[in-house]
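Beneath this line is the structure, given in structure tokens, with notes to follow.
Nothing in this text is a laboratory measurement; each read-out follows from the coordinates by a stated rule. Keep in mind that what you see is a predicted model, and the values were worked out from it rather than measured. Cβ coordinates were reconstructed from backbone atoms using ideal geometry, including for glycine residues, and neighbour counts include every protein chain displayed.
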2 protein chains.
Amino acid sequence: MRNFRKATLADVAARVGVSAITVSRALRMPDKVSPRLREEIARAIDDLGYVPNPAARTLASSRTNVIGVIIPSVTNNVFAEVLLGIYTALESTDYDIQLANSRYSALREESLLKVFLGQKPAGLIVTGIDQSEKSRELLERAACPVVQIMEIDDNPVDLMVGFSHYDAACAATRHLIEQGYRGLGFIGARMDPRSQRRLRGFRDTASGAGLFSESRVITTTAASTVTLGAQLFAELIDRAPDLDAVFCNNDDLALGVMFEAQRRRIPVPAWLGICGFNDLEMMATAEPPITSVRTYRYEMGRHAVNMLVEAIEGSGGESKTIDLGFEIRKRQSSNLVASDLIGKF
Amino acid sequence: MRNFRKATLADVAARVGVSAITVSRALRMPDKVSPRLREEIARAIDDLGYVPNPAARTLASSRTNVIGVIIPSVTNNVFAEVLLGIYTALESTDYDIQLANSRYSALREESLLKVFLGQKPAGLIVTGIDQSEKSRELLERAACPVVQIMEIDDNPVDLMVGFSHYDAACAATRHLIEQGYRGLGFIGARMDPRSQRRLRGFRDTASGAGLFSESRVITTTAASTVTLGAQLFAELIDRAPDLDAVFCNNDDLALGVMFEAQRRRIPVPAWLGICGFNDLEMMATAEPPITSVRTYRYEMGRHAVNMLVEAIEGSGGESKTIDLGFEIRKRQSSNLVASDLIGKF
DNA sequence: ACCCCCTATGACAGCGCTAACATCGAGAAC
DNA sequence: GTTCTCGATGTTAGCGCTGTCATAGGGGGT
């Protein structure tokens, strides 16, 4: 039923009786072609099952419709949701995405960047603001718009969408203090630059209230998991019995802390307050529900794509940096009430 | 420092004083070029910062180095891990991956397939065995190897790697029965074909033991989440008070069930046995740890790529279908002991 | 009636690479 | 010495599309 050779532009053109370039135009700038021809061409394309050859297009125009995306992890829930936003937003455009995984290595990011830039992408989405010097330079020279996602600061390469991890950590810490907790601790895994900034937010806020102690901080560079959260908490509580609340670098850890607390019969929130980060869906359903910092991952992906497409197509004008903010979702895991305090002091 | 125009094959060739094709060969079939030249060419490539143009390569050879991947969801943890396996395995090859998201729609899968095939991919990875008739036909005619992942049956399009969801569900159900549970229930979300087969496994096994009741089955087509697990369990236990164990379609649901059980002070495992599916990392750390069916997601991704590459490069010969199997991870959530039974009867 | 300009279309070259065939020595076989 | 073979390299001709410039025809202004 289908011929061997795939239909080409020329085939379509021949069938309609026009030249190839007219078909090409009908596809790319329909308003440059008369409505009658346009319709005939559309019919021919349909009959022949013509599909444009992207390689030929790219080669001839030295422009691609590929948006390169570099994220540090595909398994991390947080990035998965960002990705979902990216894919969803991309669906209504005719850009393709090329995803690469830096695995939290600035070096790998750099080499990925080189590969991407070699292919003249239409746009680039990179994670965070901590590119290597070389990467930064490459990005600044890139012949396409670039969005940095997840974080914001006042020194963007180009476009930027995210929120302040430092501010978010400050707010979470303040919340724990306001609830009446005094032995504030921090549990962190991975400790990528974003995690570091969260720790700094915690440290500054706790110090400011005279409640910081290095002995109540535990971190590791290992990837964060629920199991790791349980382990770190076990280690921390043995070492620092004055601990009465933990701010966790993310929700996996927080869940692990809660499980371990339950195992040890430590009542949450009475003896131990818990606050996570990202507000994954499960936090609201946990028993008790776990306080967390809501972040807007899906929106981040969507915005990144929209900003990029606007910039590529020149319809820009929107702001170059978008702060998506965050929100402290207060739940039972940090809800220390007066009666709980009685036993404590 | 860098010239405007990017270096091309011809530039490299000129610098070494050979013809372009020799450089091309040095890159693609090094053993067809004398070692001396090979070395000189490598040096020139380095000096010029030459990066091959994949569009030109594709156009000239009418072969791409792109492997198309169609999965139903990017946010689902299970597929994220499969993806990780795919990306990892791909890293040591020079293939690129083109990821698309069918969102559990056979129709969308079909149209994605058409787009992919239009680009003559080097290989294709698709999820499951329930393609639409048209999709199936497209895949069978595809000019490249195809791997179906996640499931196995004896009617593969080409290659296949996965496990039997039916068998896994049977084994899980048998486990609950062996533990002494009698009021077996099933909680399922999404209810894609794989979930359906799990349900069938549950039904057949429970029926076989005379323990099946339709009233203890609850399903929905909504995406599964922890919260949904809690809700479905709440609904089910109200409707079917004789329920004493649930087999959950996946771990998110199982976790939700556990949380809801804790909220209602239903002791697990004494009054309620829980078994999940997939054995996500957190199941072992939950309190109590939750029994689940271990599946090998990461390995699935790796195998899929390896099979594909072998098939593409003709070094095949390996089996066409790989059964990765599964394992029942027995944990406390289903550990009904004799003393628990006393109160029950 | 003249020129100008604008719209719709076409001719041609070339993007950077590779397939296919051609060429050229040099050693092997006789 | 002649022929054959084979490994190393070159020549030629596109792959399918788009950028650029050219062309034809049809108003509108004066």
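Taking a cut-off of 18 Å, what percent of all Cα-Cα pairs in the range A:1-94 are separated by more than that?
Distances greater than 18 Å cover 59 percent of the Cα pairs.
I need the trypsin sites (Lys or Arg not before Pro) found in the range B:105-151, filtered to DSSP loop residues with at most 16 other beta carbons within 10 Å of theirs.
Here no loop site has a sparse enough neighbourhood.
Would you mind working out the magnitude of the charge dipole of the range B:9-52 relative to its Cα centre, with +1 at each Lys and Arg C-beta and -1 at each Asp and Glu C-beta, to the nearest 20 Debye?
In total the dipole reaches around 180 debye.
Testing the spin-label approximation: label points 7 Å from Cα along Cα→Cβ at residue A:320 and residue B:209. State their distance in nm.
Distance between label points: 6.6 nm.
Which distances, in nm and shortest first, link the residue A:338 label point to the same label point in every other copy, taking 7 Å along Cα→Cβ?
Going from nearest to farthest copy, the values are 5.3 nm.
Compute the length gained on full extension between residue B:108 and residue B:65: take 0.36 nm times their separation in residues and subtract their Cα-Cα distance, giving the result in nm to one decimal.
Gain in length upon complete extension: 13.1 nm.
Where the eigenvalues come from the Cα gyration tensor of the range B:185-226, what are the semi-axes √(5λ) of the equivalent ellipsoid, largest first, in whole Å?
One finds semi-axes of 20, 11, 6 Å for the range B:185-226.
Where Lys and Arg each count +1 and Asp and Glu each count -1, what net charge lies around residue B:65 among other residues with Cβ under 9 Å from its Cβ?
Within the 9 Å Cβ shell, the charges total 0.
So what is the diffusion coefficient of chain B in µm² per second by Stokes-Einstein at 20 °C and 1.002 mPa s, using a Kirkwood Rh over Cα pairs?
Calculated translational D: 94 µm²/s.
Using 7 Å Cα-to-Cβ label points, what is the residue A:143/residue B:32 separation (nm, one decimal)?
Result: 3.0 nm between the two label points.
Which distances, in nm and shortest first, link the residue B:221 label point to the same label point in every other copy, taking 7 Å along Cα→Cβ?
Here the equivalent label points are 4.9 nm apart from this one.
So for chain A, if I pair up every lysine 8 or more residues apart or on another chain, how many of those pairs have alpha-carbons under 23 Å apart?
5
Just to be sure I understand: with springs between alpha-carbon atoms less than 10 Å apart, which residue in A:121, A:289, A:30 has the highest mean-square fluctuation in the Gaussian network model of chain A?
Result: A:30 has the largest fluctuation of those listed.
Pop the C-beta distance of residue A:264 and residue B:153 into the FRET formula with R0 = 60 Å and round what comes out to the nearest 0.05.
0.80
Determine the shielding of peptide A:275-286 by partner chains: average, over its residues, the number of Cβ atoms on other chains within 10 angstrom of each Cβ.
Mean inter-chain Cβ contacts per residue within 10 Å come to 4.
How well do other chains shield peptide A:71-82, expressed as the mean number of their Cβ atoms within 10 Å of each residue Cβ?
4
Once you have the alpha carbon radius of gyration of the range B:252-291, what is it after dividing by 2.2 N^0.38 Å, with N set to its residue count?
Output field value: 1.04.
Please state, to two decimals, what the Cα-based radius of gyration of the range A:9-52 comes to when divided by 2.2 N^0.38 Å (N = residues).
0.96
Given 4 °C and 1.567 mPa s, compute D for the protein assembly as shown with the Stokes-Einstein relation, Rh being the Kirkwood radius over Cα pairs; round to the nearest whole µm²/s.
46 µm²/s
Rounded, prolate or oblate: which fits the range A:157-221, taking a ≥ b ≥ c as square roots of the Cα gyration tensor eigenvalues, rounded meaning a/c under 1.5, else prolate when a/b beats b/c?
Oblate shape, in that a/c is at least 1.5 and b/c is the bigger or equal ratio.
Treat the range A:230-320 as a sphere of radius equal to its Kirkwood radius over Cα pairs and apply Stokes-Einstein at 20 °C in a medium of 1.002 mPa s; give the translational diffusion coefficient in µm²/s, rounded to a whole number.
Translational diffusion coefficient: 141 µm²/s.
Which order do the peptides B:228-238, A:152-162 come out in when sorted by mean C-beta neighbours inside 10 angstrom, highest first?
Order by mean packing, descending: B:228-238, A:152-162.
If we hang a label 7 Å off Cα along the beta carbon direction at residue B:34, how far is it from the matching labels on the other copies, in nm, shortest first?
Going from nearest to farthest copy, the values are 6.2 nm.
Quick check on packing: order B:191-197, A:14-20 by the mean number of other C-beta atoms within 10 Å, highest mean leading.
Going by the mean number of other Cβ atoms within 10 Å, highest first, we get B:191-197, A:14-20.
Which value in Å is the Kirkwood Rh of the range A:9-162 over different Cα pairs?
That comes to 17.7 Å for the range A:9-162.
Other chains near B:49-60: what is the mean number of their Cβ atoms within 10 Å of each residue's Cβ?
Whole-number average of other-chain Cβ neighbours for B:49-60 is 5.
May I ask you to order A:56-69, A:35-48 by the average number of other C-beta atoms within 10 Å around their residues, highest value first?
By packing density, highest mean first, the sequence is A:56-69, A:35-48.
Where the only charges are on Cβ atoms (+1 Lys, Arg; -1 Asp, Glu), what is the dipole of the protein assembly as shown about its Cα centre, to the nearest 20 debye?
That gives the protein assembly as shown a dipole magnitude of about 1040 debye.
Quick one: net charge around residue B:237, please, counting Lys, Arg +1 and Asp, Glu -1 for every other residue with C-beta under 9 Å from its C-beta.
Around residue B:237, the charge tally is -1.
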